[in-house]
Amino acid sequence: MPSAGAPADPIAAEPGLLPEAQALVEAFCQHGASIILGVTGLLDRPLAGVALGCTVIGPERVRVLLSRPSNSELLLGLMRDSRIALTVSEVPTHRSIQIKGDGAVLLAAQPEDLRVATRQLRAFRDQLIDAEYGEAFATAYCSFDPTEAVAVEFVPCAAFTQTPGPKAGERLEEAAR
């Protein structure tokens, strides 16, 4: 039980990524991978959605681009509760990380967001093709309408390794040691 004056949630206690995790998160999240968002919906029901791209702005901001129509329920949940979880997974290795955050806000997509998403989706598409998902499937899965794109920015509070194995669930800076 936390002592008087101590925050009840240790993840919420220190917003922003530690320097050890910052470089790992930047390299991993911005090269073209599967990006899944999770939020809490009505009646505390978990909701998940697929993102188009991710930019780590610094230790205290992560920006994610997503399609509004295919993530409408997730966006409604986000407006109710600004906590968010972002999971990024590489196709060939299944290596995965999760970033938990708070203070998520919905923003208009900017031209740079669209360029980032296009570049990252092209790399992700190539990984899907290399994994023998087929070019038609990979192309369809990675396509999006730029006019339907929106951005979500949030403050990262902690990062964890999610790759299956003995270090799954460890804080990223601990798992990197």
Looking only at region 123-137, which residues are touching a Ser or Thr at 6+ places or on another chain (Cβ under 7 Å) and hydroxyl-bearing (Ser, Thr, Tyr)? none
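Yes or no, residue by residue, for (1) within 16 Å of GLN30 (Cβ to Cβ); (2) among the basic types (Lys, Arg):
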| position | (1), (2) |
| --- | --- |
| ALA51 | yes, no |
| ASN71 | no, no |
| MET79 | no, no |
| ARG83 | no, yes |
| THR87 | yes, no |
| ILE97 | yes, no |
| GLY103 | no, no |
Looking at region 155-177, which of its residues are surrounded by fewer than 19 Cβ atoms within 10 Å (Cβ to Cβ), among the small types (Gly, Ala, Ser) and modelled with pLDDT under 85? GLY165, ALA168, ALA176
Could you check region 68-91 and list, in sequence order, the residues that are in contact with a helix residue (DSSP H, G or I) (Cβ under 6 Å, 6 or more places away or on another chain) and surrounded by fewer than 21 Cβ atoms within 10 Å (Cβ to Cβ)? ARG68, PRO69, VAL91
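Scan region 68-92 for residues that are of a type in the set (S, T, N, Q), in contact (Cβ under 8 Å) with a residue 12 or more places away in the chain and out of contact with any strand residue (DSSP E or B) (no Cβ under 6 Å at 6 or more places or on another chain) and jot them down.
The one that is of a type in the set (S, T, N, Q), in contact (Cβ under 8 Å) with a residue 12 or more places away in the chain and out of contact with any strand residue (DSSP E or B) (no Cβ under 6 Å at 6 or more places or on another chain): SER70.
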From the set of residues in region 96-115 that are closer than 27 Å to THR139 by Cβ, surrounded by fewer than 19 Cβ atoms within 10 Å (Cβ to Cβ) and not acidic (Asp, Glu), which is farthest from the chain's Cα centre (by Cα)? PRO111
What tally of residues in region 126-173 results from selecting those that are out of contact with any Pro (no Cβ under 9 Å at 6 or more places or on another chain), in a helix (DSSP H, G or I) and within 16 Å of PHE28 (Cα to Cα)? 1
Does region 135-154 hold any residues that are in contact (Cβ under 8 Å) with a residue 24 or more places away in the chain and loosely packed, with under 12 Cβ neighbours inside 10 Å, and which are they? ASP145
For residues in region 38-57 being free of Cβ contacts under 8 Å to residues at least 24 places away in the same chain and part of a strand (DSSP E or B), which is surrounded by the most Cβ atoms within 10 Å (Cβ to Cβ)? VAL50
Of the residues ILE57, ILE129, ILE99, which single one is more than 24 Å from ARG45 (Cβ to Cβ), among the hydrophobic types (A, V, I, L, M, F, W, C) and modelled with pLDDT under 95? ILE57
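Any idea which residue in region 19-34 is modelled with the lowest pLDDT, counting only those that are aliphatic (A, V, I, L, M) and either exposed (fewer than 15 other Cβ atoms within 10 Å of the Cβ) or closer than 18 Å to GLY77 by Cα (or both)?
Kept after step one, since they are aliphatic (A, V, I, L, M), are these residues of region 19-34: 21, 23-25, 27, 33.
Still in the list and also either exposed (fewer than 15 other Cβ atoms within 10 Å of the Cβ) or closer than 18 Å to GLY77 by Cα (or both): 23, 27.
Numbers: ALA23: 69, ALA27: 74.
Within region 19-34, the match that is modelled with the lowest pLDDT is ALA23.
Evaluate the following for LEU78: is it at pLDDT below 95, part of a helix (DSSP H, G or I) and closer than 25 Å to ARG171 by Cβ? Please lay out each step first, then the result.
Working: at pLDDT below 95: yes; part of a helix (DSSP H, G or I): yes; closer than 25 Å to ARG171 by Cβ: yes.
Yes: the conditions hold for LEU78.
The values are calculated or read from the model by the stated rules, or taken from the named source; none is laboratory data. The structure presented is a predicted model; accordingly, all values stated were derived computationally and were not measured. All Cβ positions, glycine included, derive from the backbone under ideal geometry; neighbour counts span all protein chains shown.
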